[in-house]
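Student: Here you go, one structure.
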Amino acid sequence: MADFRPDRSRDTAFAWIAAAATLATILVAHVAPARGPAPHPVAVSPAEDPGCREWTDSCRVCTRGADGVHCSTPGFACQREALRCTGR
């Protein structure tokens with residue numbers, strides 16, 4: 001019976017090429033600069049937006065004055081919604 005040994009040198013070469021390609025991809029991803037404009041900082045809520053003078057969550061109304069922020073008292077069965085600016 002003949003001795004059949006697989007050619008391991010081809011498999012080894014393929015493994016080294018795959019490892020080198022993976023390493024090169026990782027290095028390029030870390031070194032290459034990101035493309036596109038930088039994200040603009042956005043206010044998380046109208047309360048943090050200095051341009052918003054009045055905002056509401058459908059339960060209470062808040063206003064920004066010279067002496068600080070003042071908010072109304074919410075109603076008894078109030079259902080809050082997302083904050084939205086109602087006056088600039």
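The values are calculated or read from the model by the stated rules, or taken from the named source; none is laboratory data. Keep in mind that this is a model prediction, so the values were computed, not measured. These accessible areas exclude ligands, DNA and RNA; they are computed on the full protein's heavy atoms, side chains included. Shrake-Rupley method; radii C 1.70, N 1.55, O 1.52, S 1.80 Å.
Student: Using 0.36 nm times the number of residues separating LEU27 and THR63, minus their current alpha carbon distance, what extension gain do you get? Present the calculation step by step, with values, prior to reporting the outcome.
Tutor: Details: separation 36, 0.36 × 36 = 12.96 nm, distance 5.14 nm.
The span from LEU27 to THR63 would gain 7.8 nm if fully extended.
Student: Here's something else I'd like to know. How large is the accessible surface of GLU54 in square angstrom, using a 1.4 angstrom probe and rounding to the nearest 10?
Tutor: Number for this one is 70 Å².
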